[in-house]
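Structure first, commentary second.
The values are calculated or read from the model by the stated rules, or taken from the named source; none is laboratory data. Just so it is clear, the model here is predicted, and its values are computed rather than measured. Reconstructed Cβ throughout: ideal geometry from the backbone, glycine too, with neighbour counts over all protein chains shown.
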Amino acid sequence: MAQKSAAPVDDRYLTGVWYNGEIGEFEQYDVNGDEVKIYSPDGELLDTVEFLETGALTKVESKAVENPVEYYEEIIDWFHANNLSANHLPYREEISFMYARQQIKVVEKE
């Protein structure tokens, strides 16, 4: 019986920031040959693995990574315009909103 090999990793698939639901943290990945390097969102190398289990990963929307302030403000404006709250967001948008919120300092206007 032939053994299954791990499917090749598509570099574009891993580009960006991801939420790892197993540990409740955001991580960034970089594929280097047969290795996957795992970084914190601020660039600290956390680990290097040969195989990345992707079942619990949710990709953070690129707009939330590239401009967290703008993304956060758009979601807040959407909440206000529709008289809704964060529990009305689809899961991926909820994760992206949570990421953007962690990246910025929110200050209330007086």
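Structure summary
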quantity	calculated
Residue in the range 63-80 that is outside any helix (DSSP H, G or I) and at pLDDT below 85 present	no
Every residue from the range 36-59 that is among the hydrophobic types (A, V, I, L, M, F, W, C) and outside any strand (DSSP E or B)	F51, L52, A56
Verdict on D34 being without any contact (Cβ under 8 Å) to a residue 24 or more places away in the chain and within 14 Å of N20 (Cβ to Cβ)	no
Where L45 falls short, out of the listed (1) at pLDDT below 90; (2) exposed (fewer than 13 other Cβ atoms within 10 Å of the Cβ)	(1)
Residue list for the range 53-100, filter: basic (K, R) and touching a Phe, Trp or Tyr at 6+ places or on another chain (Cβ under 6 Å)	K59, K63
Residue satisfying all of: in the range 81-102; in a loop (DSSP other than H, G, I, E, B) and either of a type outside the set (S, T, N, Q) or modelled with pLDDT of 90 or more (or both); farthest from W18 (Cα to Cα) among these	L84
Only one of K63, K105 that is more than 18 Å from V17 (Cβ to Cβ) and basic (K, R)	K105
All positions within the range 55-85 that are hydroxyl-bearing (S, T, Y) and in contact (Cβ under 8 Å) with a residue 40 or more places away in the chain	T58, S62
